[in-house]
Structure formats: structure tokens, C-alpha cells
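Supplied in C-alpha cells, the structure appears directly below.
Laboratory data are not the source of any read-out in this text; all were calculated from the coordinates shown. No experiment lies behind these values; they were computed from the predicted model shown. Reconstructed Cβ throughout: ideal geometry from the backbone, glycine too, with neighbour counts over all protein chains shown.
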Amino acid sequence: MRRMINAVELFIGFRYLRAKRRTRFVSFITLISLLGIAVGVAALIVILSVMNGFEGELRVRLLSMTAHGYVTGERGTLEDWGEIQQRIIEEPGVTAVAPVIEMEGMIRTGRSLNGVLVHGVLPQAEKLVSGRTVNFVEGGLDELSPTGKSIVLGRFLAIDLGVRIGDGVVLLIPRPAGDGMLEPKLERFIVRGVFDAGVQDHDGSLALVHIEDAARLMSLDKSVSSLRFLTDNVMSAPAISSSLQAKLGDGYRSSDWTVENESYFRAIRIEKMMMSVLLSLIIGVAAFNIVASLVMVVTDKASDIAVLRTLGMGPANVVRVFFIQGAVIGWVGVLLGVGLGVLLALTVPVVVPFLENAFGFQIMPGDVYYVTAIPSILELEDVVTISLAALVLTSLATLYPARRAALVDPAIALRYE
């Protein structure tokens, strides 16, 4: 059985880490290597934590006026939606279900004409599905009634139209008229509320009316566009959607938020991958510095290695001596980087405002970005993956210098000593 690292190898490996006067430059490179690894690991942990935070923030905001999933018919409408609603609510993991009628059209005031996406909703059911995250600047879902022709607008849509609570707007909705034709339907509504969902697509183009008003505009009678559902765990929505599809059969179509917003999250995944690759170059450069410093140590210690070989130390023992030296540099750098990275990732909400106040600038101004504070979500999986990758890379960096040390010929090294 192959021998493990012994006390002599440990002693010599640690002894070579201490600088002598003539090897101060080598020790300086060693220090730079250690700091480079620490900075690279810390930067990776912090950046990935921030990207996780933005991904979580985007998910919350995208789902603020939508739901975790929906069920609709093959033709885009549901007629017997009461029975289907009951079957969906009985699905394990589903906490709320709400019907919706979706319409696209134009909204007009005396001075402005804008495109608009109109959702016809049942106020009490909609509160359970999307009301948990939406901030109403004025009014609320309770203002919607089937007799008052009330409408609630997104914040930016209201600003573009220049309307306030109590003002009138006109909806122009194209509806099917048979033979594939469309006919325009105009109806006047009174603005009863303004919401802020925190997403441009919602705040700038979405309006809410009562589901009965929407059914009248679209001549749908008792039908709805779809049934949207909320789950107790947003990450379980794809599995629940697949289960509902299997239970409801071919006459229905079920989907979830991961499908509807796939492009957003694919973009974040690509950004995380590219940031990981770029920041990994820091660790890579530091690993090459370890190789360079160890090669110089081997050259400087050639006579010492020759003496050790003549005293009976074998090539494998020499390899382990220099492996210990390089591994200590790399592993200490990784541990420092993990500690610093975890600390910064956990304190990003405190550190960033401090830096903004100290330097007099705002990283994400509110008039440009929806998210004005940099979020951070530290995940154990990221920390473990980064740590293991850095440990493996720095350990591999020691193999060439250690092998080179083992190949030192004692006779040649001691010839001129």
C-alpha cells in the first residue's frame, strides 16, 4: 500500500514556505498567488450570490400579476370552468385558483392612445392568486364591480395616459364577429385604482376590469380564457402543471411560469455562466503563479533536494514535499476566499449603501431600474462548487513543479557544491 504523507515531508514542506533573504522575491510571488486565489474565490461567491438575488427578485416580480401556472382549453377558452377549477384546487400543492379573461386592445383618453392588455378578474379570487405581491398606489381590487364599469391601471400606464382616480377612459377591444372577422367594441370605464407590480410589462401596459365586464366586451357569456393557479412552492409548479395535464386530458392545455418566462431566466443563466468563466480566470492566473513560484523554489533548492535524495528520500517523497508546499498556498487562499466571499455575500445589503454614501453615487438609481437595492442570495451549492473547483485547480498546479523536483539528479546538483 502506498505510504501517506509522513512527518518529515510535512516538516520540510512547511519549512520551504518560510522566506530567506535570497528568496524574498519567490515568497512575494507566493503571497500574490495566495491573495489572487482568495480574491478570485471571494469574487465568484459574491457575484453568483448577487445573480441569485436578481434571479429571485425577477421571479417575484414576474409572478406578481400572473400566477405559477394556468389551465386553458384547446381553443384558448374554458366553458365548464367551475368544474375544472374544483379539480385544480384538489391537486396537492395548489393553494388558490382564479379565472381570467385576457383581452388586447387600445385605451384612449382625450389626449393619448395606448396599447393595453386587459385582464378580466374576479376580485376575491384574484386577491388569493396575485394580490400577495402587488402594491396598490391608489384604490384596490375591491373597487372592481360588474355594474360600475371600473378599471385599475398599471402605474406607468396611468402616467402615460395622464389620468387620475375618477377620470374616464375608453377601451377599444376587437372581438370575434364570425367568419374570422373582428369587430371593434368601445366602452367607457372609470379609473378606480393604480397598482405598482414592479415590472415594466405589467406597470406600462396592463389594466384590470371585472370579469363580467370583460365577458360582455368579448361576448364570452360564461366562458373564461384560462384558470390561473398558485402553488405552495413556486419551484413545484412545473411538476403540478404536468400532473394536471395528465389528469385533465387532451382537451386541455396546462403550462407554468418556467415555460412562459423561459427567455428571462435563460438570459440570467447565461450571464451567470459567463461571469463564472471570466472570474475563474483570476483563480487560473493565481494557479499559474503557484507553478512559477514552485519552479523557482525547486531551482533554488536543487542542492537541498540532492542532499535529501542522498540521505535516502525517494522521488515520491520529494513530490509530496512540494505538493504540500503548493497545496498549503492554494488551500489557504481558498479558505480565505470562502470566508471573505461568504461575509460579503451576506452583508451586500449593508456594504453597498455604505459605499454609495461614502463615494456619493447610487449604483442602481430608482429612475432607471425597478430594483434600487442590490439583492444577494447565498447558496451552499455555489460555495461548495467554487471551493472544490479551486482546491482541485490549485492542487493540480503543484504537480509539474513537484515532478520536476523529483527528477533532480543528486550527482549533477552536488557537482559544484
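Using r as the Cβ-Cβ distance of residue 258 and residue 403, and R0 as 41 Å, what FRET efficiency do you calculate, to the nearest 0.05? Show your work: numbers first, answer last.
Numbers: r = 49 Å, r/R0 = 1.18.
After rounding, the FRET efficiency stands at 0.25.
Here is a follow-up. I'd like to know how region 91-219 sits against the 2.2 N^0.38 Å rule of thumb: what's its Cα Rg over that expected value? Could you put the intermediate results ahead of the total?
Values: Rg = 14.5 Å, N = 129, 2.2 N^0.38 = 13.9 Å.
Relative to the 2.2 N^0.38 Å estimate, region 91-219 comes out at 1.04.
Here is a further query. Just subtract the alpha-carbon distance of residue 160 and residue 267 from 0.36 nm times their residue separation and send over the number in nm, one decimal.
Working: separation 107, 0.36 × 107 = 38.52 nm, distance 2.92 nm.
So the chain would gain 35.6 nm between residue 160 and residue 267.
What does the charge count around residue 193 come to, taking other residues whose C-beta lies under 14 Å from its C-beta (Lys +1, Arg +1, Asp -1, Glu -1)?
-2
Separate question: Restrict the search to region 109-190; then list the trypsin sites (Lys or Arg not before Pro) that DSSP places in a loop and that have at most 15 other Cβ atoms within 10 Å of their Cβ.
On the way: sites: 111, 127, 132, 149, 155, 164, 185, 188; in loops: 111, 132, 149, 164.
Those that pass, being in a loop and sparsely packed, are 111, 132, 164.
Fewest to most neighbouring Cβ within 10 Å: what's the order for 81, 331? If you can, show how the numbers build up before the last one.
Numbers: 81 21, 331 17.
The fewest-first ordering by Cβ neighbours comes to 331, 81.
Need one number: nm distance between label points at residue 307 and residue 246, each 7 Å from Cα along Cα→Cβ, rounded to one decimal.
Reported label-point gap for residue 307 and residue 246 is 7.3 nm.
By count of other Cβ within 10 Å, fewest leading, how are 273, 106 ordered?
Details: 273 11, 106 15.
The fewest-first ordering by Cβ neighbours comes to 273, 106.
Can you give the charge dipole size of region 75-249 about its Cα centre, rounded to the nearest 20 debye, using +1 on the beta carbon of Lys and Arg and -1 on the beta carbon of Asp and Glu? Write down the numbers at each step before the final one.
Details: 17 positive and 23 negative charges, 56 e Å.
Computed about the Cα centre, the dipole is about 280 debye.
Give me the net charge for the shell around residue 49: Cβ to Cβ below 13 angstrom, other residues only, Lys and Arg +1, Asp and Glu -1. Mind showing how you got there, number by number?
Values: positive: 272; negative: 55, 57, 379, 381, 382.
Spelling it out: positives minus negatives among the neighbours equals -4.
List every residue whose amide H lies under 5 Å from the amide H of residue 120, counting only residues 5 or more places away in sequence or on a different chain, with H placed 1.01 Å from N in the peptide plane.
Amide H neighbours of residue 120: 101, 102, 103, 209.
Compute the distance in nm between two label points, each set 7 Å from the Cα along the Cα-to-Cβ direction, one at residue 95 and one at residue 31.
5.4 nm
Same structure, new question: Residue 212 to residue 232: FRET efficiency via 1/(1 + (r/R0)^6), r the Cβ-Cβ distance, R0 22 Å, to the nearest 0.05? Please list the in-between numbers first.
Working: r = 30 Å, r/R0 = 1.36.
Efficiency, rounded to the nearest 0.05: 0.15.
Still on this model: Can you work out the Karplus-derived ³J(HN,Hα) for every residue in region 209-215? Use 6.51 cos²θ - 1.76 cosθ + 1.60 with θ = phi - 60°, whole Hz, and x for glycine or proline.
Once rounded to whole Hz, the list reads 10, 5, 4, 6, 5, 5, 5.
Now, a different point. With unit charges on the beta carbon (Lys/Arg positive, Asp/Glu negative), name the residue among 121, 172, 226 whose Cα is farthest towards the positive pole of the charge dipole of region 75-249.
172
Taking neighbour Cβ counts within 10 Å as the exposure measure, how do 147, 109, 30 sort from fewest upward? Mind showing how you got there, number by number?
On the way: 147 8, 109 16, 30 25.
Listed from fewest to most nearby Cβ atoms, that is 147, 109, 30.
Can I ask one more? Which entries of 127/222; 127/272; 185/222; 185/247 show an alpha-carbon separation above 29 angstrom in the structure shown? Don't jump to the answer; show the numbers that get you there.
On the way: 127/222 21 Å; 127/272 34 Å; 185/222 19 Å; 185/247 37 Å.
Pairs exceeding the cut-off: 127/272; 185/247.
Quick one: if you stick a label point 7 Å off each Cα along the C-beta vector at residue 145 and residue 347, how many nm between them?
That separation, rounded to one decimal, is 5.6 nm.
Considering Cα pairs under 8 angstrom that are at least six residues apart, work out the relative contact order of region 75-249 and quote it in whole percent.
Working: 360 pairs, mean separation 59.0, N = 175.
Normalised by residue count, the contact order of region 75-249 is 34 percent.
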